[in-house]
Every structure is written in C-alpha cells, then in structure tokens.
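All remarks here apply to the structure that follows.
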C-alpha cells in the first residue's frame with residue numbers, strides 16, 4: 001500500500017509515539033503506527049501515519065498530552 | 001512435601017496472581033521482541049507491553065504523565081539514581097532513623113563525599129513526628145529521603161505531612177515505597193512527593209527484577225543518569241537523550257518482567273487497593289492479637305494494624321531470632337525472616353540491635369487459617385522453650 005498523500009507525526013522516542021497512539025485511540029481518531037518511511041529522518045524508528053484532513057484534530061488532541069517533533073507529508 | 005505457609009511477603013510477595021505468570025508466558029510465546037528497537041510489528045507490540053506497565057503504575061500513583069515513570073530493576077536502583085545524582089558536596093540531606101539500607105547506604109556514601117546528613121529520630125515504635133524533620137531543615141537542605149512504611153515494624157510514616165513541610169520549605173521529598181506500593185493508596189501530587197522509588201515484586205505482585213522511579217516534571221535536569229547507552233531514540237547521536245523516560249532507560253529493559261508487573265498492577269486495580277488494605281489489616285490485627293496472648297512473646301512497632309502495613313516483628317524470650325525462624329521453617333513449614341532485615345538503623349530505633357527480630361509478613365493471598373497456624377506454632381515453641389505460656 002502506498003503512503004502517498006498521508007501525513008506522519010514524528011516523535012523523540014517510541015514512548016512518546018505510543019503515548020500519542022494511546023491518546024488518539026481513546027478519542028477514536030483514525031491513525032496507524034508505522035516504521036518511519038525511509039525518506040524521512042527521525043529520532044526514533046516509528047511514527048504515526050494519518051490522513052491529512054485529520055491534521056487539525058490530531059494536533060489539538062495531542063496538545064498538552066504528548067509532544068511531537070514534526071509533521072511531514074509523504 | 002509438607003505444606004508451606006509463606007509469611008515473608010515483605011521480602012517478596014508469593015504466591016503471585018495466576019494472571020502474572022500468564023502475562024509473562026504470553027509475552028514469551030507471542031511477542032518476545034526488543035521494545036522500540038525497530039519498527040516491526042513485534043517490536044512495537046513489545047514497546048506497547050512496556051507502555052501498558054507504565055500506564056498502570058502512573059494510574060496507581062496518581063501520575064498524570066506516564067512518561068514520568070522510569071523502569072529500573074528494583075527500588076534500590078531507583079533510590080541510587082536520585083541520591084547519587086541529586087546530592088552535591090555542600091548539600092544537606094535529611095532521613096529518618098527507620099530507613100532500610102537501600103536509603104541509608106547511598107546516603108552514608110554521599111556523606112563521605114561532602115554531603116552532610118541529619119537523621120530524624122523516630123520513637124521506639126518506629127513512629128516519626130513530622131516536626132522532627134521540620135526542625136532539621138537548614139538553608140542547605142536539598143532533600144528529605146524517607147520510607148513510606150518500615151520494613152521492620154510496618155509502621156506507616158506521615159509522608160503527606162512531611163511532603164507539605166518539604167513543599168513549604170522548598171526542599172525535595174524522595175519516598176521509598178518498597179513496602180507500600182500496591183498495599184496502600186499513594187498519590188504523588190496529594191502527598192507532595194517529588195521522587196517515588198518502588199519495587200515491582202512486593203505488594204505490586206510483579207516478578208523480581210522489576211521496579212521504578214517516578215520523578216516530578218523538570219527534576220531530571222538535576223539528575224544525571226548513572227547508566228548511558230542505547231535507547232532506540234536519537235540513534236544518530238552519541239550523547240544520551242535528555243528526555244523522560246529514555247534518559248534513565250539505557251539498554252534493553254526487562255520487558256517480560258514488565259509484562260508480569262503490568263498484570264500484577266492490574267490485579268491490584270481490579271481487586272481495589274481498599275479491599276487489599278482491609279484484608280491485610282484484618283490479618284495483621286489477628287496476628288498481633290494472637291501473638292500478644294503468648295507468654296514470652298514480644299511484639300515491636302505500633303501493635304495497631306491501622307497504623308502499619310502487614311508486617312509484624314517479634315521476639316520469643318530465650319530463643320534467638322535465627323533459631324526461631326529456623327524452627328518455624330523446619331518444624332512447621334512457616335517462612336519468616338529473622339535478623340536485621342537490612343535495616344540496622346530501624347533495629348537500633350526499636351532497640352533490637354544487634355540480635356534483631358523475627359518478621360512475619362502476610363500478603364493478600366494469606367488466609368485466616370495461615371495466621372492461626374502461625375500463632376499456634378509460635379505458642380508451642382514459646383511454651384516448650386519457657387515452660388510456660390498460654391494458648
């Protein structure tokens with residue numbers, strides 16, 4: 001499956017990534033934990049992929065709960 | 001094999017919930033990978049296993065950000081991280097006269113390196129007047145290190161009161177919750193606890209080799225990690241990450257142990273810490289009452305189950321503690337712990353140094369029958385030894 005058109009959230013650590021996963025899951029926001037795509041450099045091996053239209057909702061959900069490093073579009 | 005009556009839960013809890021062993025077997029069978037060291041399915045699942053344990057402990061201790069919980073191999077490691085990292089030459093530290101060597105030895109070592117140490121005296125029942133701590137605070141005081149409950153007498157310490165004093169005076173509070181995590185309610189925010197060291201294998205009902213440290217936000221700035229190495233994060237840099245929990249979690253963790261610790265913590269939450277406390281208090285009250293009726297038996301501590309954890313220290317006139325412990329084991333199959341319990345200061349305080357006591361420590365799986373059996377066994381031993389005695 002191509003990741004094209006998706007966005008990914010990048011984190012400092014796996015712990016932060018999984019904390020974000022937990023936070024999004026509780027809110028029922030669609031996402032997937034995936035290995036960091038090759039073309040992106042990241043501090044940890046996993047990231048969270050999501051549809052670009054969810055960007056605002058995701059950013060506001062994570063605010064105050066867990067810090068992320070960057071958002072990239074694939 | 002004769003029946004075993006295990007009354008050494010203050011050393012390590014046993015038996016454990018079936019769910020603990022099942023969780024460890026399941027990790028071994030179906031996950032097994034190294035957490036967060038790769039992006040593959042099993043590595044992510046292993047990292048989730050660690051996070052599940054982190055989340056459960058954060059819930060138990062009233063910690064809102066689970067990343068403030070660092071896993072270590074035991075409470076001793078957690079205490080060493082704080083004591084060796086926080087205290088600098090010229091600092092003053094305060095502790096109590098009821099501490100275990102996991103607090104006392106690192107503090108005594110710090111005292112050989114320019115840290116001054118004051119020890120707040122406790123009563124012969126092991127109780128601490130919070131004012132005794134307040135009286136020792138000076139402008140150089142950096143932190144107070146204290147147990148939440150004595151491993152010798154079970155005496156519960158006034159942590160919340162000391163926490164309020166510490167917060168007001170601008171001093172940090174580090175609590176050793178080895179005897180209480182899983183047995184008593186703990187809220188790091190309500191009790192003003194800055195550092196909470198806990199072990200996984202006692203009242204938290206997890207396996208040995210698990211434990212951890214809660215650290216209040218921002219304090220990691222003052223505490224270097226004694227262990228540096230791989231974390232699965234910032235791999236392109238050759239310096240240790242400075243964020244929680246990676247800063248203190250170098251190297252592959254005890255993931256299978258944390259799977260078990262998570263199950264233990266879940267068991268506690270599902271059962272309810274209040275239910276656990278009520279049961280252990282009833283067992284302790286009956287043990288104290290039963291032992292108290294035996295001539296020649298002396299019970300140490302508050303002798304009030306509501307003021308202590310499920311730990312009863314005793315002596316029997318005419319029998320030294322190690323001999324008594326051996327008789328309980330060999331003749332009755334009762335597991336106890338004699339001697340000084342790694343806490344010489346506490347035994348000095350309750351005036352049982354250097355002979356020590358025999359410690360009986362029930363747990364959540366101890367039955368009322370186990371307690372009656374232990375009381376009868378000690379009554380028989382005491383009677384034989386002293387030629388007197390009731391019951």
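Couple of notes before you dig in:
- Ratio Rg/Rh, restricted to the stretch B:205-317 and using Cα atoms, in which Rh is the Kirkwood radius: 1.19
- Computed over chain B, relative contact order equals 23 percent, with contacts defined as Cα pairs under 8 Å that lie 6+ residues apart.
- Per-residue Cβ neighbour counts within 10 Å put A:13, B:361, B:322 in the sequence B:322, A:13, B:361, beginning with the fewest.
- Scattering profile of chain B at q = 0.07, 0.09, 0.13 Å⁻¹ [log10 I(q)/I(0), Debye over alpha-carbon scatterers]: -0.33, -0.54, -1.06
- Of the beta bridges in chain B, as assigned by DSSP with both residues counted there, near 50 percent are antiparallel.
- Selected from B:28, B:101, B:254 as most flexible by GNM, with chain B as the system and alpha-carbon contacts under 10 Å: B:28
- Value of relative contact order over the stretch A:7-73, rounded to a whole percent, pairs C-alpha under 8 Å and six or more apart: 52 percent
- Zero-based 20 Å bins, Cα pair distances in the protein assembly as shown, whole percents: 24, 50, 23, 4, 0
- Against chain B, whose longest principal axis is taken from its Cα atoms, helix B:255-271 shows a tilt of about 60°.
- If R0 is 45 Å, the Cβ-Cβ spacing of residue B:21 and residue A:65 corresponds to a FRET efficiency of close to 0.85.
- Legend: mean number of C-beta atoms from other chains within 10 angstrom of residue C-beta atoms, peptide A:7-14, equals 5.
- For the stretch B:120-265, diffusion coefficient by Stokes-Einstein and Kirkwood Rh (Cα), 25 °C, 0.890 mPa s, µm²/s: 145 µm²/s
- Dividing the helix sum by the residues of chain B, where each DSSP H run of 4 or more adds -39500 (n - 2.57), gives a mean residue ellipticity at 222 nm of -11500 deg cm²/dmol.
- Peptide B:223-234 is shielded by partner chain Cβ atoms: per residue, an average of 2 of them sit within 10 Å of its Cβ.
- Counted residue by residue at 0.36 nm each, then reduced by the alpha carbon distance between them, the extension gain from residue B:320 to residue B:293 reaches 7.7 nm.
- Residue among B:13, B:102, B:293 with the largest mean-square fluctuation in a Gaussian network model of chain B, springs linking Cα atoms under 10 Å: B:293
- The mean count of C-beta atoms from other chains within 10 Å of the C-beta of residues in A:61-67, rounded to a whole number, is 1.
- Inverse of mean 1/r across different Cα pairs in the stretch B:29-131, Kirkwood, Å: 16.8 Å
- With both residues required to sit in the protein assembly as shown, DSSP beta bridges show an antiparallel share near 60%.
- Against the main long axis of the alpha-carbon atoms of chain B, helix B:159-169 sits at an angle near 50°.
- The stretch B:261-295-the stretch B:92-162 distance, computed between alpha-carbon centres (Å): 26 Å
- Computed over all pairs of different Cα atoms, the Kirkwood value for the hydrodynamic radius of the stretch B:178-244 is 14.1 Å.
- Note on the stretch B:333-391 and the stretch B:1-68: Cα centroid distance 32 Å, given to the nearest whole angstrom.
- DSSP beta bridge pairing in the stretch B:142-293, given as percent antiparallel to the nearest 5: 40 percent
- Angle between chain B longest axis and helix B:41-60 axis [Cα atoms, degrees, rounded to 10]: 50 degrees
FYI, it's all coordinate maths here, none of it is from the lab. Predicted model, so just to flag it, every value in this text is computed and none were measured. Methodologically, a virtual Cβ is constructed for each residue, glycine included, from the backbone with ideal geometry; neighbour enumeration extends over all protein chains shown.
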